[in-house]
Amino acid sequence: MKEPYYNEAGYEKQKGSQQGRENSRMYNEMAILKLIQSMTKMCQNAPAALNNEVKLHFAQNSQRYAAVFHMFFLHVVWLL
């Protein structure tokens, strides 16, 4: 979903406004930052029973994640 901010209750009326665009951008940035933080914590503190699976998952998908995050941040910088 491109702009999940507007799915939050009461925020759809801000769609198209300058404040709505800014709030949506900040919402998306915070979501990505929280995702990166949680992924980092998962890598550093994986449950013992899942440690190998977590390492394998991130080893196999790290390039894809990096590309997605890179594209997101390029888009954010372009909007500034």
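Computed from the coordinates by the stated procedures, all read-outs in this text should not be read as laboratory data. Computed from a prediction, not measured in an experiment: that's the story for all the values here. Please note: Cβ atoms are built from the backbone with ideal geometry, for glycine as well, and neighbour counts cover all protein chains shown.
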Taking every other residue with Cβ under 13 Å from the Cβ of residue 28 and scoring Lys and Arg +1, Asp and Glu -1, one gets 0
With at most 15 neighbouring Cβ atoms within 10 Å, loop trypsin sites (Lys or Arg not before Pro) (DSSP) excluded, longest segment of the chain: 16-80
By a straight-distance test (C-alpha under 26 Å), which lysines pair with residue 55 as possible cross-link partners, with residues fewer than eight away in the same chain excluded? 34, 41
Give the long-range amide H neighbours of residue 11: residues separated by 5 or more places, or on another chain, with amide H under 5 Å away, using H modelled in the peptide plane at 1.01 Å from N. none
In deg cm²/dmol, rounded to 500, what helix-only [θ] at 222 nm does the chain give when every DSSP H run of at least 4 residues adds -39500 (n - 2.57) and the total is split over its residues? -25000 deg cm²/dmol
Over the chain, what relative contact order in percent results from Cα pairs under 8 Å that are six or more residues apart? 22
